[in-house]
């Protein structure tokens, strides 16, 4: 499926947020099924919205009919502000969701590594305030950050992917996070 990619500048709590919005262009002209908002790896270790895993998730979402919003956290690329240990980055993600994911449309929240930590926090912050259709957490940074538990009602709609040989975050750390929730890991 083809996609239209737009460069966006969103107002954020620390200033401008640089973003890319990929919109599917299906042959039948169908409307997108909703918006996927995807968070990137750790800003202080080279994480950006153009990370290959983030791009792959965005492409997969577009192929499944979702609009895919990737954005740079504060202090990355053209996004203003400075790294804030996850607190400000959560606010950046919530601002991106509020502005680009219509409340009446389905929402998919995804993240890779540090982005998965921020995505889990966004899911927790939005719980009860707006419907979330899907959650995708890849390489969740459970060893270094307080990853929020995923509400039980979202478990059937949640995909947690982690490499058995991940040398950044051991699989055991993610299993220790997921086990009390009975949340499966792929």
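Sorting 114, 73, 145 by the number of Cβ atoms found within 10 Å of their own Cβ, with the fewest placed first, yields 145, 114, 73. Over the residues of the chain, the helix contribution to mean residue ellipticity at 222 nm works out to -8000 deg cm²/dmol, using -39500 (n - 2.57) for each DSSP H run of at least 4. Seen from all directions on average, the range 44-99 presents a Cα convex hull projection of 4.1 nm².
Taking the number of Cβ atoms within 10 Å of each Cβ as an exposure proxy, the fewest-first ranking of 23, 35 is 23, 35.
Here the convex hull built on the C-alpha positions of the range 40-186 has a volume of 108 cubic angstrom per residue. Exposure proxy for 176, 22, 167: other Cβ atoms within 10 Å of each Cβ, ordered fewest to most, give 167, 176, 22. Which percentage, to the nearest 5, of the DSSP beta bridges contained in the chain is antiparallel? Of all bridge pairs located within the chain, approximately 45 percent are antiparallel.
Since every read-out is calculated from the coordinates, none of them should be taken as a lab result. As the structure is a prediction and not an experimental result, all values here were calculated from the model. Neighbour counts are summed over all protein chains in view; Cβ atoms, including those assigned to glycine, are modelled from backbone coordinates with ideal geometry.
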